[in-house]
Amino acid sequence: MADAAESAVEQAAGSLFGALPEPSGLVKAAVAAAQAAAAAGMAQDAVSAIVSAVADGPGAHNVTVSGSAVPPGALLFASLDGGETLSELFSYVVQLKTPDTLNLGYVSPAANLPLKPMVGKDLCVNIELDGGGKRHISGLVTAARVVGHEGRSVTYELRMEPWLKLLTHTSDYKAFQNKTVVDILDEVLAEYPYPVEKRLVESYPVRTWQVQYGETDFDFLQRLMQEWGIYWWFEHSEDSHTLVLADAISAHKACPDSPLVEWHQEGLKLDKEFIHTITANESLRTGQWVLDDFDFTKPRSLLANTVANPRETGHATYEHYEWPGDYFDKSEGEMLTRIRMEAQRSPGSRVLGGGNIRTLMTGYTFTLENYPTAEVNQEYLLMQTLLFVQDNAQHSGQDQHFTFSTRFELHPTCEVFRPQRTVSKPHTKGPQSAIVTGPSGQEIWTDQYGRVKVQFGWDRYGKMDENSSCWIRVSYPWAGKGFGMIQIPRIGQEVLVDFKNGDPDLWWISKTAIRSGSADHRGAYLQPGHHAAVGTAGNGVAERDLQPLAVWRANEWQHAAF
């Protein structure tokens, strides 16, 4: 029996070697073990050894996919191409193939998978690591298509992006009152059922009024975070990807599987993964930032703030002056000026590189070693990683079942990292109409500065009450110290609102208007027969029995003393 078993194993081994262009050492060792098992009379163990060799050898798939976007086992991983950058939506293109197996039809039944059910579902690419661990890259499928056939296989191509992409599909006009930037982030993100982790160390001031002015949820939050120096990335697991918010280098963890990475020349055959390309970059940056603004309640207050932090290069002392700084408190201005200066300095020192490392992930840190230039060997934050993975198991007999290459951009952890301001605040295109609001039962509602509250036509969340807006200044045609005129707009009255530099957060009432259908005593003088009428009329609050002031005709003259 042993001789017969050995003969069977020899035949199986011959078939195996013939099928593989260059059998790996693992397969050869497994066949030798199978022959030994056969010689001992254990034919079943011999066959199992060969099957195991094939399953774990060059035909095995070391990268798999999972998630609700694809039926289990229906599609096999073919390739992944994409990347992630701090404070940017990641994007990966994943190609999947149906199994190349014989069926009653020409191609696998999986070739008829419908595309629509894939879109909007979870997908995860699972990459096997040395030591038995796995790296997960997860996201939502935002697009799917069939891209072609190869033999009996059909290739599907899926675009995978983060759940934060959903925020680009909704926009709004909404006012946020008396909240910090973190409060606003919490309120908007609470509408999306996905995990968020905050690793924030700064204390952020309460802002009286912040408007989402026709922006998508994503652009609005991105703008606020960039203004206040907050940035973000995703940490992946097989079941989800978590949005991480940070404002300091201390928020970042070391790469769990590669906290130390060596540089070696490209082309070397090593038994470990390494970095083979490094390009260090230094650039000229502005060395001083100045912000200034004006507070009408303290017109003589000096709100200018200056922060200097020049880099050790030539011509590093130039100044950037920004006005208005969008603050009314000196301490807020100090914080904003510091953040602006840090954001300006941040890109001054960067490193580009590449290698074959599977474990470098955006948002993590690692320490570079063995590079010939000593000052480059330091700890870095991975601010961008670009990945390319391709399954080559069916085309190669090598032990490595897929090719993996990564390119990256690094930020030295000895420098503060801040995001750049890429999202501009929207601008209004002229004055807007609003209705004066206040508490029920009141006719006039004002503060010590004669300011009132209003509700805009675009505001679908306000309740037409004393909480509809913050206090808003009223301008008059004649005003000064100890002289002028005043007429506080009354609740229910329509007013025209102008915006300082077109900023939807900075505004004042420039004019009042008579609403269509108004029944007040001025309405009669708006008729065609009184088109030449000029004058004023009162509407006393406490003196309802007084008659309105006489209306002057265009050809009459009336002196007024003030």
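The values are calculated or read from the model by the stated rules, or taken from the named source; none is laboratory data. Everything quoted here is computed from the prediction, not taken from an experiment. In this analysis, Cβ positions are derived from the backbone assuming ideal geometry, glycine residues included, and neighbour counts consider all displayed protein chains.
What the table below lists for this structure:
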read-out	value
Which numbered condition residue 184 fails, given (1) over 30 Å from residue 93 (Cβ atoms); (2) within 18 Å of the chain's Cα centre (by Cα); (3) among the aliphatic types (A, V, I, L, M); (4) in a strand (DSSP E or B)	(4)
Flag for residue 367 being of a type outside the set (A, V, I, L, M), outside any strand (DSSP E or B), at pLDDT 95 or above and in the same structural domain as residue 409 (by TED's automatic domain parsing)	no
Complete set of residues in region 253-287 that are of a type outside the set (A, V, I, L, M, F, W, C), exposed (fewer than 13 other Cβ atoms within 10 Å of the Cβ) and in a strand (DSSP E or B)	279, 281, 282
Odd one out for residue 297 among (1) within 25 Å of residue 258 (Cβ to Cβ); (2) at pLDDT below 95; (3) of a type in the set (Val, Ile, Thr)	(1)
Given (1) part of a loop (DSSP other than H, G, I, E, B); (2) surrounded by fewer than 20 Cβ atoms within 10 Å (Cβ to Cβ), index of the condition residue 357 fails	(2)
Matching entry among 181, 201, 196, 206 (being of a type outside the set (Ser, Thr, Tyr), without any contact (Cβ under 8 Å) to a residue 60 or more places away in the chain and buried (at least 18 other Cβ atoms within 10 Å of the Cβ))	181
Options 463, 453, 425: the member that is of a type in the set (Lys, Arg), assigned to a loop (DSSP other than H, G, I, E, B) and without any contact (Cβ under 8 Å) to a residue 40 or more places away in the chain	463
